[in-house]
Amino acid sequence: MVETADLWPLGTGRTASGSLTVAGHDLVALADAYGTPAYVFDDATIRDTCRRYRAALATHAPGASRVHYAGKAWLATGLARLIAAEGLGLDVVSAGELAVALRAGADPAMIHLHGNATPTDEVRLALAAGIGQIVIDSLDALQRLVPLVAGRQRPQPVALRLTPEVAAETHHHIQTGHASAKFGLPLAALDAAARALAAADGMVLTALHAHLGSQIFSAAPFAAAIEVLLACAVRLRDAHQIVIDEINIGGGLGVPTAGGQAPLSIEAYAAALGTALRDGCRRHGFAPLRLVIEPGRSIIARAGVALYRVIASKPLPAGSDAARYLHLDGGMGDNIRPALYGAQYHAVLAAQPDAPADETVHLAGRYCESGDVLIHGIPLPRAAIGDVVALASAGAYTLSMASNYNWVPRPPALLLRRDGVRLLQRRETIEDMLARDVPVVPA
Ligand SMILES: Cc1ncc(COP(=O)(O)O)c(C=O)c1O
């Protein structure tokens, strides 16, 4: 497990008998106490990452630069409180995420609303809450906002999300900066947007935004996108007399989830962004602009560990690429990423994380899809029925994308601290699911 140490939370250790611990809590004991599947999150890893992001921006993009956590990676009231306490803002994409952020007591001025198809009612709720910024994704979204903000005494700050035509190297499902991406205003629509903004009276354009996608391991595309946004800022200034004060380069910093991927450190990432922005501002004659970033995955992925139990196994014919399937009690219902875009993970047996491997297995989920395999071909010690499997770097885009496929309740989420365990979300029950199902028999 040595070469995969950076896939596990910072507070990972061992009990006296060698079982895996996080923040001093035995993961096998937690699986016994809370059942499986279950997701545990290390408080220390989340806080440390937030602090590193803030410190790196303070060093490399000083001024009013800000880090916003992208709640889509995973959001719960307790997590939003923790994030706000660490001084980060929050990005939300729906009235549901907004409700969680407000329930957590997050300052509305530190919340941004994103979305390529946010229903008008949800935009109204965000405006009523006094949200800090609405990120406009299209000319249609801009036009829809016009009557909603008309006549406001204090104009609503807005950002334009542009498609910068920078294709970052990542899976095409999580690539969003190329010209044909579904997100963002085409560069060619910038002038039309500027004219519509000039004609509208209740909003003020403060920022240009781009998000290139997720799981990006190189700084170059971010720097390239900053240059594109600055060129747009020049056009707004020179042709439309609109002066922005913020560049938002979205999220997307990659994190290894399976070992073998070389991470770009938060510090190196911030340094590259800071240099690109500083040099670009100087070249284009801007006073230093505020830099905003929106990391999601890189804050929450490593903090999270998913716990499953082995329910059954199936031997595979000789010559197969694995000795057998281990069937787990979770899978694509709580983590769709392997099935959706081939995401790779690393796992160990929680009771013996350092034991040598005896066999290569496929870790199969419980859901009725052949594609529901969490890990293909992982070497593990010989597992027995009932053993707990711990899946590393499982915190991002797992629970937040969870479903009730096969009418299976969603797992609980626990926050682990040295001083105790806090339940962030309880396990869903069958009663929860039945509560929204109307038992009407059609006549
Ligand atoms: C606009 C925007 N910002 C930030 C993020 C967060 O990206 P990541 O979790 O890769 O950091 C996303 C993710 O899709 C996004 O769409």
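By the equivalent-ellipsoid construction on the alpha carbon gyration tensor, the range 269-349 comes out with semi-axes of 47, 15, 10 Å, ordered largest to smallest. Averaged per residue, the range 43-300 has 38 square angstrom of accessible surface, using a 1.4 angstrom probe with ligands and nucleic acids left out. Using only Cα atoms, find the angle between the long axis of helix 43-60 and the longest principal axis of the chain, and express it within 0 to 90 degrees, rounded to the nearest 10. The two axes meet at around 30 degrees.
Rounded to the nearest 10 square angstrom, SER320 shows an accessible area of 50 square angstrom against a 1.4 Å probe. Look at the Cα gyration tensor of the range 32-133: its axes a ≥ b ≥ c give a/c of at least 1.5 with a/b at or below b/c, and that counts as oblate. Trypsin sites (Lys or Arg not before Pro) within the range 159-219: which are DSSP loop residues with at most 12 other Cβ atoms inside 10 Å? Sparse-neighbourhood loop trypsin sites (Lys or Arg not before Pro): LYS182. Shape verdict for the range 354-419, please, from the Cα gyration tensor: rounded (a/c under 1.5), prolate (a/b greater than b/c) or oblate. Oblate is the answer for the range 354-419, as a/c is 1.5 or above yet b/c matches or exceeds a/b. What the Cα atoms of the range 198-306 give is an Rg and a Dmax of 16.0, 52 Å. The angle between the Cα long axis of helix 120-129 and the main principal axis of the chain comes to about 80°, on a 0 to 90 degree scale. Build a GNM of the chain with springs between Cα atoms under 10 Å apart, and of THR360, THR36, THR176 the one that fluctuates most is THR360. Evaluating 6.51 cos²θ - 1.76 cosθ + 1.60 at θ = phi - 60° for every residue in the range 110-119, the Karplus couplings come out as 9, 10, 10, 9, 10, x, 8, 8, 6, x Hz, glycine and proline recorded as x. Taking a ≥ b ≥ c as the square roots of the Cα gyration tensor eigenvalues, with a/c under 1.5 meaning rounded and otherwise prolate when a/b beats b/c, else oblate, which class fits the range 284-443? Oblate, since a/c reaches 1.5 and b/c is not below a/b. A simple charge model with +1 on the Cβ of Lys and Arg, -1 on the Cβ of Asp and Glu and nothing else charged puts the dipole of the chain at about 800 debye relative to its Cα centre. Couplings for the range 317-324, taken from phi via the Karplus curve 6.51 cos²θ - 1.76 cosθ + 1.60 with θ = phi - 60°, read x, 3, x, 6, 7, 8, 6, 6 Hz in order; Gly and Pro are left as x. Placing +1 on the Cβ of every Lys and Arg and -1 on the Cβ of every Asp and Glu, with nothing else charged, gives the range 135-198 a dipole about its Cα centre of roughly 360 debye. Shape analysis of the range 43-300 yields a ratio of the Cα radius of gyration to the Kirkwood radius, Rg/Rh, of 0.94. Note on the chain: with a GNM built from Cα contacts shorter than 10 Å, the maximum mean-square fluctuation among ALA272, ALA199, ALA159 falls on ALA199.
Name the residue from ALA392, GLY365, LEU416 whose Cα lies farthest towards the positive end of the charge dipole of the range 294-443, charges +1 on Cβ of Lys and Arg and -1 on Cβ of Asp and Glu. The residue sitting farthest along the positive end of the dipole is LEU416. Charged side chains reduced to their Cβ positions (Lys and Arg at +1, Asp and Glu at -1) give the range 43-300 a dipole of some 320 debye around its Cα centre. Ellipticity at 222 nm from helices only: DSSP H runs of n ≥ 4 in the chain, each -39500 (n - 2.57), divided by the residue count, give -9000 deg cm²/dmol.
VAL100 contributes an accessible area of around 40 Å² to the protein surface, as traced by a 1.4 Å probe with all chains present. Compared with the dominant principal axis of the Cα atoms in the chain, helix 266-284 is inclined by about 10°. Over the chain, the reciprocal of the mean inverse Cα-Cα separation, the Kirkwood hydrodynamic radius, stands at 23.0 Å.
Comparing ALA198, ALA33, ALA70 in a Gaussian network model of the chain, where Cα atoms under 10 Å apart are tied by springs, the biggest mean-square fluctuation is seen for ALA33. Ranking LEU148, ALA287, THR15 by how far each Cα lies toward the positive end of the dipole of the chain (charges on Cβ) leaves ALA287 at the top. Which residue, chosen from GLY319, GLY96, ALA29, occupies the Cα position most advanced towards the positive end of the dipole of the chain, where the dipole is computed from +1 (Lys, Arg) and -1 (Asp, Glu) charges on Cβ about the Cα centre? Going by the Cα projections, it comes out as GLY96.
The values are calculated or read from the model by the stated rules, or taken from the named source; none is laboratory data. Note that the coordinates shown come from a computational prediction; the quantities given were computed from them, not determined experimentally. All Cβ positions, even for glycine, are placed from backbone atoms using ideal geometry, and neighbour counts span all protein chains on display. Note: accessible area is taken over every heavy atom of the protein model, side chains too, but ligands, DNA and RNA are not part of it. Shrake-Rupley method; radii C 1.70, N 1.55, O 1.52, S 1.80 Å.
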